[in-house]
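Undergrad: What follows is a structure written as structure tokens; I'll ask about it next.
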Amino acid sequence: MILRLFFSLFIFGMTLLSHAASPKSITLATTTWCPYTCGENKDDIGIIGSYIKEVFATLGIELHIETYPWSRAIHMAEQQQVDGLLTAAPQEAPNLLLSRVPISTYQMCFYTQKGNEWQYSTPLNISANRLAIIQDYGYGEPVDSYVKNVSGLTLLSGDNSTKRLLDLLLKSRVDIIIEDPMVLNWNAQISQRDTQKLNQAGCLSENPFYLALTPTNKHSNLIIKIDNALKLPASQALLKKLFLQQNSRKQY
């Protein structure tokens, strides 16, 4: 009887702790990586912004999204100036608490100007080509290892990094850039750049990305609830709907 009473009190206490550990609002940092995450237009927070906002709503949590250059977003999360990152690959946020269930996937592809015969192959070798990348991005292997061990790359940081990558390539200031096709198409459409001049020179395998929170006790409890919510068929159906809506828009 005493053991049953103790067990009941323990479960009741854990339930109260669980509810107490769930905040009423969460602030996540992100960068402008449309159409996945957007920050230039408050009415369009991107596919993942809209998706996670709805997922948090089912948990009774209001989501606030703040947009920064990617390196600054990571720094703010690591310094606990925000509650975490809206999206992150494991290599981008090794000090944060990632959801076990991925939000979605992304795929990085190489782009050159037409006429450049370079094609991606392994082991990665860009030869005499000039490669531009965005600082602190997790591109996936073998790119992440490659950029750590070579010099002379063009590293971009700050705002509008993808648009600037595209401009560098179209103006022949670099020879190769790497970006997710949906992100590249979105930026080309917004900036009215002609991607018919570009050649897709091979792609990496698809990689998952996750929601990342600062490693605190309350977030350790919350991440379990987020994982459970991300698994729900209704959540998966919503994400699929948001991607279909995006894919129905004009693409270059």
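The values are calculated or read from the model by the stated rules, or taken from the named source; none is laboratory data. Keep in mind the model is a prediction, meaning the values are calculated, not measured. Heads up, the Cβs are rebuilt from the backbone with ideal geometry, glycines too, and the neighbour counts pull from every protein chain shown. Note: areas computed on protein heavy atoms with side chains; ligands, DNA, RNA excluded. Shrake-Rupley method; radii C 1.70, N 1.55, O 1.52, S 1.80 Å.
Undergrad: With a 1.4 Å probe and all protein chains left in place, how much accessible area per residue does region 73-179 have, in Å²? All intermediate terms of the calculation are to be shown ahead of the outcome.
TA: Working: 5050 Å² over 107 residues.
I get 47 Å² per residue for this part.
Undergrad: Past 32 Å, Cα to Cα: identify those pairs from LYS148/LYS197; LYS24/LYS231; LYS148/LYS225; LYS163/LYS231; LYS163/LYS241, in the order given.
TA: Values: LYS148/LYS197 30 Å; LYS24/LYS231 22 Å; LYS148/LYS225 36 Å; LYS163/LYS231 34 Å; LYS163/LYS241 27 Å.
Exceeds cut-off: LYS148/LYS225; LYS163/LYS231.
Undergrad: For GLU62, what accessible surface area do you get with a 1.4 Å probe? Give it in Å², rounded to 10.
TA: 100
Undergrad: Report the Stokes-Einstein translational diffusion coefficient (µm² s⁻¹, integer) for region 129-209, Rh taken as the Kirkwood radius over Cα pairs, at 37 °C with viscosity 0.692 mPa s. Walk me through the intermediate numbers first.
TA: Working: Rh = 13.3 Å.
In µm²/s, the coefficient rounds to 246.
Undergrad: Just to be sure I follow: if Rg is taken over the C-alpha atoms of the chain and Rh is the Kirkwood radius over the same atoms, what is Rg/Rh? Intermediate results must be reported in sequence, preceding the final value.
TA: On the way: Rg = 20.7 Å, Rh = 19.7 Å.
With Rg and the Kirkwood Rh in hand, the quotient comes to 1.05.
Undergrad: Quick check on region 67-155: what does the Kirkwood estimate of hydrodynamic radius come out to from the alpha carbon pairs, in Å? Provide the component values of the computation, followed by the final result.
TA: Working: mean 1/r = 0.0660 Å⁻¹.
Answer for region 67-155: a Kirkwood hydrodynamic radius of 15.2 Å.
Undergrad: So, by mean Cβ neighbours within 10 angstrom, what's the order for 29-37, 201-209, 145-153, 68-76 with the highest one leading? Mind dumping the intermediate values first?
TA: Values: 29-37: 24.8, 201-209: 16.2, 145-153: 11.2, 68-76: 19.9.
Peptide ranking by packing, descending: 29-37, 68-76, 201-209, 145-153.
Undergrad: Amide H of ALA201: which non-local residues (sequence gap of 5 or more, or other chain) have their own amide H closer than 5 Å, using H built in the peptide plane?
TA: Those lying under 5 Å, H to H, from ALA201 are PHE110, TYR111, THR112.
Undergrad: To continue, here is another question. Over the Cα atoms of region 162-217, how large are the radius of gyration and the largest Cα-Cα distance (Dmax), in Å?
TA: 15.0, 51
Undergrad: Excluding same-chain residues fewer than 8 positions from LYS218, which aspartates and glutamates have a Cα within less than 18 Å of its Cα?
TA: Qualifying aspartates and glutamates at Cα under 18 Å: GLU62, GLU78, ASP83, ASP227.
Undergrad: Still on this structure: Percent antiparallel among DSSP beta bridges with both residues in the chain, to the nearest 5? Intermediate results must be reported in sequence, preceding the final value.
TA: Values: 17 of 30 bridges.
Of those bridges, close to 55 percent are antiparallel.
Undergrad: Then there's this: Restricting to DSSP H runs of at least four residues, report the calculated mean residue ellipticity at 222 nm for the chain, -39500 (n - 2.57) per run over all residues, nearest 500 deg cm²/dmol. Kindly include the intermediate steps, with their values, before the conclusion.
TA: Numbers: 8 runs with 98 residues, N = 252.
The per-residue figure over the chain is -12000 deg cm²/dmol.
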